[in-house]
Amino acid sequence: MNHINSCTSFNRVIVNLEALKQNYRFLQAQAPQAEMLAMIKADGYGHGMIECGHALAECGCSNFGVGELCEAVALRESGIKGQILVMLGFNERHVNHFIEYDLTPVIYDLQSAKMLSECCLQLDRAIGYHLKVDCGMSRLGIYPGQLEDFFQQAKQFKGVFCKGVLSHFARSDEQDPGHSRNSLALFEETVASVTVDEKLKLHIANSGGLLYYPESSLDIVRPGISLYGYYPDTFKARDDRAEGGLQPVMSFHSQVVQVKEVAAGQGISYGHTYVTDSPATIAVLPVGYEDGLSRRLSNRGAVLIHGKRAPIRGRICMNLTMVDVTHIPGVKAGDEVVIMGAQSDEKLSADDIGQWMETISYEVLCMFGNNNERQYL
Ligand SMILES: *Cc1c(COP(=O)(O)O)cnc(C)c1O
């Protein structure tokens, strides 16, 4: 419900920009020699690309990463200075935007260098790019063995020059950095083996690399999820570390719209997938899968009311959900519901919800943040 009368929606996502800034400073302190490149793709993992971008710029951040060109243009038009990396490269119909808006493409083929060069010649300008190398992720990037040849061929394209080389870890969220160690070694050997005129900035570390494998920090680090307060794994062993460091930036709030007594043996919601075994008090919430509360949470998740967990009963509907408040006295219409965040001494994290949903915090944050009205603190 973020389109119409959004100011009257029952549901709202609160984004704490102070927490974001604190996370930024904590992460910078983990890799003091490296430049920070804040990943704010996917509308800042659901927290708002533009708001987060400006908050981070106030902390001194001058490198930003987005997915597509259109995101980068919006970010630049909002007044962000500094380098904006477009991680997915290339939208050939709008090559000139890279030059007009001073954006930095990540490229992974010669064809892109050629198109950039043609555009540079037309406009009489020059542009720098970052080149992506695939060191074991099997996602975007040229293979290490192709790097030498790439630079040889790229020399013919006037106006374009390489500013940096990057790769990406496939398994940096694991406690054992064995696989990351191999990727990093391959990356460093590969770059060392080529001779180029330019001074290249090297980067490979995402949040996992930055937090669990400090040797991988190199010239630039690219944290995403950790900026928003989450560790890339959900290991409980990390929790104590989190106390002094990262803190969640987003919380998600709703409210009770009706409370009703339900008799024993009564089915709840579509399909009656939950049947009460004794008389129950049920609170009805005006939130559902339209608002990012995935239908997978049917009969699985819980929310917080009066500081206590109220389990979800029956199927989650498009914009209604029923929860059990039999054990929570005095619940009434209008009471605050916390779907994610803290209430009294209880809290529910994106990791908790991700576990119930069989997904990761990243997806939970995108779903909640990008489907609801956001308020900024
Ligand atoms: C999304 C992304 C990151 C950030 O990853 P996190 O796990 O969120 O820290 C870094 N680098 C690239 C290329 C990415 O796509």
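Here is a check on your reading of the model: is Asn319 under 30 Å from Ile40 (Cα atoms), modelled with pLDDT of 95 or more, part of a loop (DSSP other than H, G, I, E, B) and open to solvent by 60 Å² or more (accessible area, probe 1.4 Å)? When the stated conditions are applied, Asn319 passes them. Quick check on Glu18: is it among the charged types (D, E, K, R) and either out of contact with any helix residue (DSSP H, G or I) (no Cβ under 9 Å at 6 or more places or on another chain) or more than 29 Å from Leu377 (Cα to Cα) (or both)? Taking the combined requirement at face value, the residue does not satisfy it. For the criterion of being assigned to a strand (DSSP E or B), hydrophobic (A, V, I, L, M, F, W, C), open to solvent by less than 40 Å² (accessible area, probe 1.4 Å) and at pLDDT 95 or above, Ile328 fails. Just one of (1) surrounded by fewer than 19 Cβ atoms within 10 Å (Cβ to Cβ); (2) in a helix (DSSP H, G or I); (3) among the polar types (S, T, N, Q) fails for Gln156. It is (2). One residue is enough: does region 269-286 have a residue meeting the conditions of a type outside the set (Ser, Thr, Tyr) and within 28 Å of the chain's Cα centre (by Cα)? Within region 269-286, one or more residues are of a type outside the set (Ser, Thr, Tyr) and within 28 Å of the chain's Cα centre (by Cα).
Considering region 255-316, the qualifying strands (runs of 3 or more DSSP E), each wholly inside and each with 3 or more residues that are surrounded by fewer than 17 Cβ atoms within 10 Å (Cβ to Cβ), run over 258-262. Across region 350-367, which residue is most open to solvent (accessible area, probe 1.4 Å) among those that are within 16 Å of the ligand (Cβ to nearest atom) and closer than 17 Å to Leu304 by Cβ? Among them, the one singled out is Asp351. For beta carbons closer than 6 Å, sequence separation of 6+ or different chains, a first residue in region 28-44 that is on the phi < 0 side of the Ramachandran plot and modelled with pLDDT of 95 or more and a second that is of a type in the set (A, V, I, L, M) and away from the ligand (no atom under 11 Å from the Cβ), the qualifying pairs are Gln28/Met36; Ala38/Leu56; Ile40/Met49. Do we have any residue at all in region 189-208 that's within 10 Å of the ligand (Cβ to nearest atom) and open to solvent by 10 Å² or more (accessible area, probe 1.4 Å)? Yes. Scanning region 119-147 for residues that are open to solvent by 80 Å² or more (accessible area, probe 1.4 Å), more than 26 Å from the chain's Cα centre (by Cα) and more than 25 Å from Gly82 (Cα to Cα) returns Tyr143, Gln146. For region 210-226, the set of residues classified as assigned to a helix (DSSP H, G or I) and more than 8 Å from the ligand (Cβ to nearest atom) consists of Leu211, Tyr212, Pro214, Glu215, Ser216, Ser217, listed by residue number. For region 164-180, a tally of residues being outside any loop (DSSP other than H, G, I, E, B), within 17 Å of Val133 (Cα to Cα) and either more than 24 Å from the chain's Cα centre (by Cα) or near the ligand (Cβ under 9 Å from one of its atoms) (or both) returns 1.
The values are calculated or read from the model by the stated rules, or taken from the named source; none is laboratory data. Bear in mind the structure is a predicted one, so any value in this text is a computation, not a measurement. Neighbour counts run over all protein chains shown; Cβ positions are idealised from the backbone, glycine included. These accessible areas exclude ligands, DNA and RNA; they are computed on the full protein's heavy atoms, side chains included. Shrake-Rupley method; radii C 1.70, N 1.55, O 1.52, S 1.80 Å.
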